[in-house]
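Asks: Take this structure, written in structure tokens, and hold onto it; I'll ask about it next.
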Amino acid sequence: MLADLGERSGDIALQCSETAGYLSELNRRIQGDSAHLADLQANMDTLAASQGESVAAAQELSLTARRAGRIIAEGHDVIGLSLGEVAGLVDHVTGLESHLRQFLTVIEAVGDISEELSGIARQTRLLGVNAAIEAARGGAATQGFAVVADEIRRLAGQAGESSATVGDKLSQLDRDARRLIGGVEANIVRGREVGTHIDRLRMSMAEIASLVTQFGERSDTIVACTDAADGDVGALRHGLATFSRSASDSARRVDMARDQLEGLEGMANAMLNRAAHGPQKTRNSRYIAMAEDGADEVSGLIERGLRDGQISLSQLFDTDYRPVPGSAPVQYLNGFTPFADSVLRPVLDRHTGADGSIIGCCLLDMNGYLPTHISARCQTQKVGDIDWNMEHARNRQIFMDSQTRRALEEEGDFFLYTYRQDLGEGRYRALRSVFVPLVFAGRRWGLYELGYLI
């Protein structure tokens with residue numbers, strides 16, 4: 001009856017161990033999600049700050065659009081009036097061409113008159129010469145007529161000179177007028193181009209006014225959208241905060257449930273261990289006997305090594321664990337490691353191979369340090385593959401769980417517990433292990449462990 005109760009307790013302990021493993025994984029994931037959630041909340045805080053800046057920028061944009069609209073509206077009339085004045089000036093410059101051409105016509109007419117006057121002056125001079133000749137022939141009787149003839153000739157000379165001067169002036173005036181007309185014509189061409197630009201400018205001003213109006217409408221829409229987004233961001237922040245509190249509470253409850261399961265696991269293991277110490281034979285008795293035989297052989301080899309000087313007590317109890325560079329998970333070396341690898345590992349391999357249900361035999365000191373392991377668990381680590389290393393390079397690592405700690409701390413000839421073997425990255429395997437205390441020179445060194453599957 002006690003043996004059956006013990007086995008049932010062992011099954012309960014196994015189920016508790018597996019469930020606790022699931023809860024540990026769940027809690028690890030919750031913690032990971034909580035960390036991601038914290039990052040998300042930090043991002044949300046940044047987003048909220050940016051959203052606040054966006055709201056302020058949108059409001060400033062709307063105000064700017066309104067100010068621009070007012071400025072455009074106020075300036076549009078002034079610009080239109082200025083453009084009208086420029087257009088009038090262009091029209092005025094264009095109108096100068098006809099006036100200048102009329103002026104050129106008058107100059108040409110005056111030039112014709114000047115030429116006619118020059119002709120009359122030449123004829124008058126010729127007439128004066130003829131009169132002087134005739135007066136000379138008449139003698140004293142025509143002396144008075146000769147005086148008149150001289151005066152006519154003098155006046156004709158002056159008239160010719162004046163006509164020549166006027167002609168020169170008119171020629172200069174004609175050249176100047178024609179240059180002016182040429183410049184006016186060029187200005188007229190430019191004026192027409194300016195008129196085209198003025199028309200385009202008017203169209204551009206109208207388009208700018210339309211764009212400013214659209215800009216104002218869009219800015220109002222942006223303000224409305226940013227206000228709505230600000231509300232959504234606030235609601236999302238509140239939701240994330242609520243979810244974060246819920247996740248933290250869930251993690252706390254999972255921890256409580258795991259602690260309760262571990263307590264139940266401990267009680268079930270205590271019953272399993274008590275039953276294993278009874279007189280009845282159980283399915284665990286074979287493995288208990290094998291564990292005690294393995295512990296006796298290992299103890300004998302260590303004591304012989306101490307006697308023969310292969311190892312010293314200080315090396316055996318060395319706790320100066322030196323990390324192996326580059327190892328992940330971290331492996332350690334101490335003074336006992338070389339002896340354990342060379343002398344004890346073959347014994348562990350042989351006892352492990354004695355039964356197909358045995359997962360492995362190993363040694364662990366009071367701190368959970370495994371100086372060696374079976375050869376299948378002492379492989380060279382693979383760089384970057386932590387999961388593989390946790391399972392195939394378990395030697396020289398430090399492991400500690402509640403059942404191992406209990407076996408290290410309690411007094412007894414052996415301990416039978418169900419526990420979860422840590423395989424790394426939240427992976428566990430439920431095992432049943434026999435722990436046999438190892439004592440040397442009256443001092444407890446640690447445990448010999450035989451783990452097997454049920």
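Asks: Determine whether Ala340 is farther than 17 Å from Phe435 by Cβ, crowded, with 20+ Cβ neighbours inside 10 Å and touching a Leu at 6+ places or on another chain (Cβ under 7 Å).
Replies: Against the criterion (farther than 17 Å from Phe435 by Cβ, crowded, with 20+ Cβ neighbours inside 10 Å and touching a Leu at 6+ places or on another chain (Cβ under 7 Å)), Ala340 qualifies.
Asks: Please count how many residues of the stretch 422-448 are assigned to a strand (DSSP E or B) and modelled with pLDDT under 95.
Replies: 10
Asks: OK, next. What residue, among those in the stretch 242-297 that are modelled with pLDDT of 70 or more, basic (Lys, Arg) and not in a loop (DSSP other than H, G, I, E, B), is surrounded by the fewest Cβ atoms within 10 Å (Cβ to Cβ)?
Replies: Looking at residues that are modelled with pLDDT of 70 or more, basic (Lys, Arg) and not in a loop (DSSP other than H, G, I, E, B), I get Arg245.
Asks: Would you please list the contacts, defined by Cβ atoms under 7 Å and residues six or more apart or on different chains, that run from a residue in the stretch 441-454 that is at negative phi to a residue that is loosely packed, with under 11 Cβ neighbours inside 10 Å and of a type outside the set (Phe, Trp, Tyr)?
Replies: Cβ pairs passing all conditions: Trp445/Val439.
Asks: While we're on this one: When you go through Ala354, Ala328 one by one, which is the residue that is under 49 Å from the mean Cα position of the chain (by Cα) and either touching a residue at least 60 places away in the same chain (Cβ under 8 Å) or surrounded by fewer than 18 Cβ atoms within 10 Å (Cβ to Cβ) (or both)?
Replies: Residue meeting the stated conditions: Ala328.
Asks: List every residue pair whose Cβ atoms lie under 9 Å apart, where the two residues are 6 or more positions apart in sequence or sit on different chains, the first residue falls within the stretch 386-407 and is on the phi > 0 side of the Ramachandran plot and surrounded by fewer than 21 Cβ atoms within 10 Å (Cβ to Cβ), and the second residue, located anywhere, is outside any helix (DSSP H, G or I) and modelled with pLDDT under 90.
Replies: Sorted first by the residue in the stretch 386-407, then by its partner, the list stays empty.
Asks: OK, next. Right, Leu333: surrounded by 14 or more Cβ atoms within 10 Å (Cβ to Cβ) and over 17 Å from Tyr448 (Cβ atoms) or not?
Replies: yes
Here's the yes/no breakdown for (1) outside any loop (DSSP other than H, G, I, E, B); (2) over 19 Å from Val434 (Cα atoms); (3) among the hydroxyl-bearing types (Ser, Thr, Tyr):
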site	(1), (2), (3)
Ser327	no, yes, yes
Leu344	yes, no, no
Asp349	yes, no, no
Ala354	no, no, no
Leu364	yes, no, no
Asn367	no, no, no
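Asks: Further question: Just to be sure, is Gly368 in the same structural domain as Val439 (by TED's automatic domain parsing) and among the small types (Gly, Ala, Ser)?
Replies: For Gly368, the condition - in the same structural domain as Val439 (by TED's automatic domain parsing) and among the small types (Gly, Ala, Ser) - is met.
Asks: Here's a follow-up. Go through the stretch 395-410 residue by residue and tally those that are assigned to a loop (DSSP other than H, G, I, E, B) and touching a strand residue (DSSP E or B) at 6+ places or on another chain (Cβ under 8 Å). Write out each step before concluding.
Replies: Taking the stretch 395-410 and keeping what is assigned to a loop (DSSP other than H, G, I, E, B), we get 395-397, 399-401, 410.
Narrowing further to those that are touching a strand residue (DSSP E or B) at 6+ places or on another chain (Cβ under 8 Å): 395-397, 399, 401.
Residues flagged as assigned to a loop (DSSP other than H, G, I, E, B) and touching a strand residue (DSSP E or B) at 6+ places or on another chain (Cβ under 8 Å) within the stretch 395-410 amount to 5.
Asks: Moving on to the next point. Residue under question is Tyr321, and the condition is that it be under 16 Å from Leu364 (Cα atoms) and touching a residue at least 40 places away in the same chain (Cβ under 8 Å); does it hold? Working first, answer last.
Replies: Details: under 16 Å from Leu364 (Cα atoms): yes; touching a residue at least 40 places away in the same chain (Cβ under 8 Å): yes.
Judged against the criteria, Tyr321 is a match.
Asks: Kindly list, by first and then second residue, each pair from a residue in the stretch 365-381 that is over 23 Å from Glu409 (Cβ atoms) and at pLDDT below 95 to a residue that is part of a loop (DSSP other than H, G, I, E, B) and hydrophobic (A, V, I, L, M, F, W, C), limited to pairs with Cβ atoms under 7 Å and residues at least 6 apart or on different chains.
Replies: Taking only residues 6 or more apart or on different chains, not a single pair turns up.
Asks: What residue, among those in the stretch 308-320 that are in contact with a Lys or Arg (Cβ under 9 Å, 6 or more places away or on another chain) and assigned to a loop (DSSP other than H, G, I, E, B), is farthest from Asn395 (Cα to Cα)?
Replies: So, considering only residues that are in contact with a Lys or Arg (Cβ under 9 Å, 6 or more places away or on another chain) and assigned to a loop (DSSP other than H, G, I, E, B), the one farthest from Asn395 (Cα to Cα) is Gln310.
The values are calculated or read from the model by the stated rules, or taken from the named source; none is laboratory data. All figures in this text were calculated on a predicted structure; none of them were measured in a lab. Positions of Cβ are backbone-derived with ideal geometry, glycine not excepted, and every protein chain shown enters the neighbour counts.
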